[in-house]
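Below: one structure, written as structure tokens.
The values are calculated or read from the model by the stated rules, or taken from the named source; none is laboratory data. Not measured: the values here are computed from a predicted model. FYI the Cβ positions are ideal-geometry reconstructions off the backbone, even for glycines, and counts take in every protein chain you see.
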Amino acid sequence: MNAIVRAHAWVKLLNEGSYDSPEELARAHDLHPNFLRHAIRAAFLDPSITEQVLRGTADKALLSKLRQTFGISWIEQDSELLGVGAP
């Protein structure tokens, strides 16, 4: 849950222009830019997945998969993370 909230906060900071780039934001938070780029993807999760995580109804398998790289499109996320949707 914290990762999703943090990712949304980082996206907001970038959209507001508080930082010129993800690299600048990463430096300001003493993070590696690659870590920040990967972590920020949580702000773009399918709303149904976000809801499961925030409500505490996501199973351990889903939470484990969220630590891996997953597609940015919601159809890909449904398939990769939930095992439903497009093959």
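Quick notes
- Scanning segment 45-58 for residues that are farther than 16 Å from Asn2 by Cα and either at pLDDT below 85 or in a loop (DSSP other than H, G, I, E, B) (or both) turns up just one, Asp46.
- Residues in segment 40-59 that are charged (D, E, K, R) and surrounded by 12 or more Cβ atoms within 10 Å (Cβ to Cβ) were compared, and the one that is nearest to Trp74 (Cα to Cα) is Asp46.
- For Thr69, the conditions (1) exposed (fewer than 14 other Cβ atoms within 10 Å of the Cβ); (2) more than 26 Å from Glu23 (Cα to Cα); (3) of a type outside the set (A, V, I, L, M) all hold with the exception of (2).
- On inspection, Glu80 does not qualify as under 20 Å from Val5 (Cβ atoms) and not basic (Lys, Arg).
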